[in-house]
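Notes to accompany the following structure.
Computed from the coordinates by the stated procedures, all read-outs in this text should not be read as laboratory data. Note that the structure is a prediction, hence the values are computed from the model and not measured. Neighbour counts are summed over all protein chains in view; Cβ atoms, including those assigned to glycine, are modelled from backbone coordinates with ideal geometry.
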Amino acid sequence: MTTFLQLGVQGLALGCIYALIALGFTVVLLAGVINFAQGSFMLVGAYIVSWLTIERGVPFLISIAVGVAGVALLGILFEYSVLRRMSARPVFTIIMITLGLDIILRVFTVALWGYDVRANGDPFKLSTFQVGEITIKWADVWTMIATLTLLATFFFFFKYTKYGIGMRATATDHEAAAAVGISLPQIYTITWAITGLVATVGGVFLAASPRVLDSTLGFSALRAFPAIILGGLGSTVGAVLGGLILGLVEVLVSGYVGNGPNQVFGFLGVGFHEVATYVVLLIVLLVRPYGLFGKKEVERI
Amino acid sequence: MSAETDSVLQEPALPLASALAPTAADRYRLLRWGLWAVFAVLLVVYPFLAVNVKPWLPIANFGLITAIGAIGLNVLLGYTGLASLGHAFFLGVGAYTAIYFGGAKNLGWSFLLWLPLAGIVAGIIGLGIGALTLRFRGFYLTVVTLGLAFIGGHIFLNWKDLSGGVNGTKVPVPTIGDFSWATKSTLGPFELTKDHKFYFLVLPILLLVVLFTRNLMRTRMGRAFQAVRDRESAAALLGVNVARTKIAAFVFSSVLGGICGALYASYLSYTNPDQWNLNFSIQFVAMIIIGGVASVSGSIIGAVLLAAVPQLIDVFADKLPFIQQGAGSGLTSGDFKEIIYAFFLGVFLLFEPSGIIGIYRRLKAGIVRRLNRSKA
């Protein structure tokens, strides 16, 4: 039971990060783009924060703000220079162009900051506290607090503010939205700014101790990718729930699957938790082809 | 050249030309055959011309080998419209099938068995995956194939007896009787290295694949592929069995992927599970986008170009900017290659989505139009 609770806390913390990543994916998806470059956005954000705090001695929170601004700017630039020419192109074209951006950003990031593993500069380090028999990392607690704050702010913004309503209208039908006077460029700019925010925060916490920051961080975003389908494509609440579920699954699998004591299914192999999210996705999709909370698409002839 | 989907561009030109001036059409046909003959001679002579310059023969070999896989992916993605990011997984299946059946520590069967088996086993797995993913479309299909490729990579990595885990393992070299593709031998005045031998092994295989694919696209099945791509529901209404067509495309593409993977690994003579990753799949997509979507010759052009880039970068690494010189900072040549193909992928998607073959067709149509106008 202790192990389970211990893993549960870790799983929730990872789930929060995945929820942020999935939210980033979904917000951009609502603007009509499937952004496979999300992983590199996280990478860039986390490297900026790490470089500012460690090499430049900037306070952690300010570096995060700078990181968010940097990544948001990157996203807005990408939207403005590339994606704006790509409207009405096939889905796969957009997938490939964002995959291309992902590669380019990743390579330039490591070229700029080197190939070595580095710390991300957060103030929590390895500090922990005890609740009964469970050891909880402060980094995990702050991950959850930051995530919940961001999510609450986002959903308030999304539901009640003028721009949030504009985003939802654009997602439903961007032509109709433009026709009633919503400025699409403005909406897209806000969208990419939100992506920059969640990507940077997600990236920084994903690189928090005991994990480290190196060029493979971006691949973790791909592990969170199933979350957006699991929760139903285009649903923000679904993405957050999907992210939480997948984070829990990954940590529980890493704890319980293996050849060690109290572990089962050793035949699944070393590192099975890294693909566990996709196994879950496949099983869910085989039963419910449109995700847990998704709706069936209507086919038009 | 006439079986491509966009042949509208050139089809009307020929009958018109022959009606107006039969001799001109004859001359045109003669010229075309002449060009093909020169091209064929060049193909045969090429390895002997290129022998003394290091990268040129490997470029051809990697290009021709990956062209087989690229044609496979193009049938799936370009002709049938099923966007998969798991193509490298099928290449891996082919490679590990070759190791299983042909490897010295394993069954040690003949090359004549393990190469076809690489295609067959990959095809069977493609059949399963095609049937499994039948209900997914567009984005869902892409993510599901991505997931299957991740899971497949996990299996490769953990099947240590076969793949050697992270350390990798040796791949069998083609041998028939006493003739091995790994050692040097002489043919008359020529010395044949491993590179030469692979070239003359792969070239006929690619030629067969090209002829078969070209012809397949003219059959009922090939038309069904394209009908499913263009409008699935309309195709179903016209009596195309959509499920069977999609599965057939998956099987065809994975058979070619398997053969390509076996040859690729065998040419490298060593492989580890990480080789068959997402990046490799993206490279194959890049090949067909740069070369030309839904075009057999486009697949080959793209494959050869993308094979040339890394080899040339290795050769000219000390002359290129940005690349790490010694232990200093900068890009490794591996990363530089990634940037190059990602960059060209983006450029072609943005500015020339029909690829190099699209540029070629436009040029050709323009020339034909001008010829016709000058005659009239």
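Overview of values
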item: Cα centre as origin, Lys/Arg/Asp/Glu Cβ charges: the protein assembly as shown dipole, Debye; result: 1860 debye
item: Average other protein chain Cβ within 10 Å of Cβ, residues A:47-59; result: 0
item: Options A:GLY15, A:ALA46, A:GLY75, ranked by Cα towards positive dipole end of chain A, top entry (Cβ charges); result: A:GLY75
item: Size of electric dipole in chain B: Cβ of Lys, Arg +1 and of Asp, Glu -1, about Cα centre, debye, nearest 20; result: 1120 debye
item: Local electrostatic count, A:HIS273, Cβ distance below 10 Å [Lys/Arg +1, Asp/Glu -1]; result: -1
item: Relative pair counts by distance (%), Cα atoms of the protein assembly as shown, 20 Å bins; result: 17, 49, 29, 5, 0
item: Point-to-point label distance, B:PHE351-A:PHE129, nm (Cα→Cβ direction, 7 Å offset); result: 5.8 nm
item: Simple label model, 7 Å out from Cα along Cβ direction - B:LEU268 to A:PHE265, nm; result: 3.0 nm
item: Among the listed pairs A:LYS125/A:LYS162; B:LYS194/B:LYS246; B:LYS197/B:LYS364; B:LYS197/B:LYS337; B:LYS105/B:LYS197; B:LYS105/B:LYS194, those beyond 29 Å (Cα-Cα); result: A:LYS125/A:LYS162; B:LYS194/B:LYS246; B:LYS197/B:LYS364
item: Ranking of A:ILE95, B:ILE99 by count of other Cβ atoms within 10 Å, fewest first; result: A:ILE95, B:ILE99
item: Mean shadow area of the stretch A:9-128, taken as a quarter of the surface of its Cα convex hull (nm²); result: 8.5 nm²
item: Once exposed loop trypsin sites (Lys or Arg not before Pro) are cut out (DSSP; at most 16 other Cβ, 10 Å), longest piece of chain A; result: A:126-210
item: Estimated [θ] at 222 nm from DSSP helical runs (n ≥ 4, -39500 (n - 2.57)) normalised by residues in chain B, nearest 500; result: -23000 deg cm²/dmol
item: Under DSSP loop assignment and at most 14 Cβ neighbours within 10 Å, longest GluC sites (Glu not before Pro)-free interval of chain A; result: A:134-296
item: Point-to-point label distance, A:THR2-A:PHE219, nm (Cα→Cβ direction, 7 Å offset); result: 3.4 nm
item: Percent of Cα pairs exceeding the 19 Å cut-off, where the set is the stretch A:72-180; result: 71 percent
